[in-house]
There are 2 protein chains.
Amino acid sequence: MSQNIKRILAANKEYAREFGDRGKLGIIPARKIAILTCMDARIEPMRLAGLGTGDAHIVRNAGGRASDDAIRSLVISNRLVGTNEWLVIHHTGCGIENLTNEKMADIAGESYKTSEGDYVNWLTIRDRIQSIRDDVKRLRDHPLTPDDVTVSGFIYDIETGLLAEIDCD
Amino acid sequence: MSQNIKRILAANKEYAREFGDRGKLGIIPARKIAILTCMDARIEPMRLAGLGTGDAHIVRNAGGRASDDAIRSLVISNRLVGTNEWLVIHHTGCGIENLTNEKMADIAGESYKTSEGDYVNWLTIRDRIQSIRDDVKRLRDHPLTPDDVTVSGFIYDIETGLLAEIDCD
């Protein structure tokens, strides 16, 4: 067992000791919100939105992109527990902003001695605002997105902690 | 603008006011960890593992499954900022545990009057422990996963807050 994992399990024991009433929370997100955002280590999706444990589903991937898997997750979220307000949150200083599909395939290819990277759509970001609009549009237009769901887009400023809504109409 | 979004933006202003030094954090996760876990609203991935802001990449989807998109994210995480310890964390009481691909396609089909759901692999979970082993194995064996990455699997108990490692060897 690695040092990292030993540390995590020790910290988790402390966490569980102070768990309190959280163990009684039900499966349904109290605020009926689902957030799609980036995996970036600096983003605290619940805290930055003033949400508490049990309030919202959080879907995260590289870039916070509306990938097929994000759609799978959001549709399950709606059908199983009724989230009907989906927020797409991208952020400033995202690692995939200065990449292209080709560059990422090259990086993967060089490092791994495999051409598998050529067959992946890396969903890199060229224009920060456009990617939000594209992803909101994809979610809104997707045949599996129900009519009662609203989808809106936001940019999160990694240096100030501020969230701003982006006009996606 | 919905009431939910008004509330979120108001809470975010408070959050940003107390942002402090977090705005100076760099893009590289301090602990070189990436966690793949479920979108469930009751899971607080960083807190349950004793991690702080900026410590780890967090990838989340329905079930915490090692989907193609999770692999895209984890590979970017490794190539761009060097995370080399990947943790797969599934949990008790997961919403997709009692579903099958067929049932989820039916639910989606009934609700949306579209057959699109038939073409989605919903990545439902039949056996809680087996799904962890399958996902750890997929990540370990994937051609794009570099040799210096370790992948381990955990089950998180939603009622006690306790994390336990699952033997995936």
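What the table below lists for this structure:
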| item | result |
| --- | --- |
| Overall Cα dimensions of the stretch A:77-169, principal axis frame, Å, largest first | 46, 34, 23 |
| Principal axes of the stretch A:41-113: Cα extent on each, largest first, Å | 43, 25, 17 |
| Distance (nanometres) between label positions extended 7 Å along Cα→Cβ at B:GLN130 and B:ASP148 | 3.7 |
| Cβ-vector label at 7 Å, A:ASN101, separations to other copies in nm | 2.6 |
| Taking B:LYS137, B:LYS6, B:LYS113 and counting other C-beta atoms within 10 Å, the order from fewest to most | B:LYS113, B:LYS6, B:LYS137 |
| Net dipole in debye of the protein assembly as shown [+1 Lys, Arg Cβ; -1 Asp, Glu Cβ; about Cα centre; nearest 20] | 780 |
| The protein assembly as shown - share of DSSP beta bridges that are antiparallel (%, nearest 5) | 20 |
| Per-copy distances of the B:PHE19 label point, shortest first, in nm (7 angstrom along Cα→Cβ) | 3.5 |
| Ranked list, fewest to most other Cβ atoms within 10 Å of each Cβ, for A:HIS57, B:HIS90 | B:HIS90, A:HIS57 |
| Of A:THR53, A:ILE33, A:CYS94, farthest towards positive along the dipole that unit charges on Lys, Arg, Asp, Glu beta carbons give chain A | A:THR53 |
| A:ASP21/A:ASN101 FRET efficiency (R0 35 Å; Cβ-Cβ; nearest 0.05) | 0.15 |
| Shortest-first nm distances, A:LYS6 label point to equivalent points in other copies (7 Å, Cα→Cβ) | 5.4 |
| Global size of chain B as Cα Rg and Dmax, reported in angstrom | 18.0, 50 |
| Value at 222 nm in deg cm²/dmol, rounded to 500, when DSSP H runs of n ≥ 4 in the protein assembly as shown each add -39,500 (n - 2.57) | -11000 deg cm²/dmol |
| The protein assembly as shown: proportion of alpha-carbon pairs further apart than 30 angstrom, % | 30 |
| A:SER67, A:SER73 arranged by Cβ crowding within 10 Å, fewest neighbours leading | A:SER67, A:SER73 |
| Relative contact order of the stretch B:26-166, pairs being alpha-carbon contacts under 8 Å that are 6 or more residues apart, as % | 26 |
| Stretch gain in nm, segment B:ASN84-B:THR53, where the contour uses 0.36 nm per residue and the Cα spacing is subtracted | 9.4 nm |
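Laboratory data are not the source of any read-out in this text; all were calculated from the coordinates shown. On a predicted model such as this, the values are computed, not experimentally measured, just so you know. Heads up, the Cβs are rebuilt from the backbone with ideal geometry, glycines too, and the neighbour counts pull from every protein chain shown.
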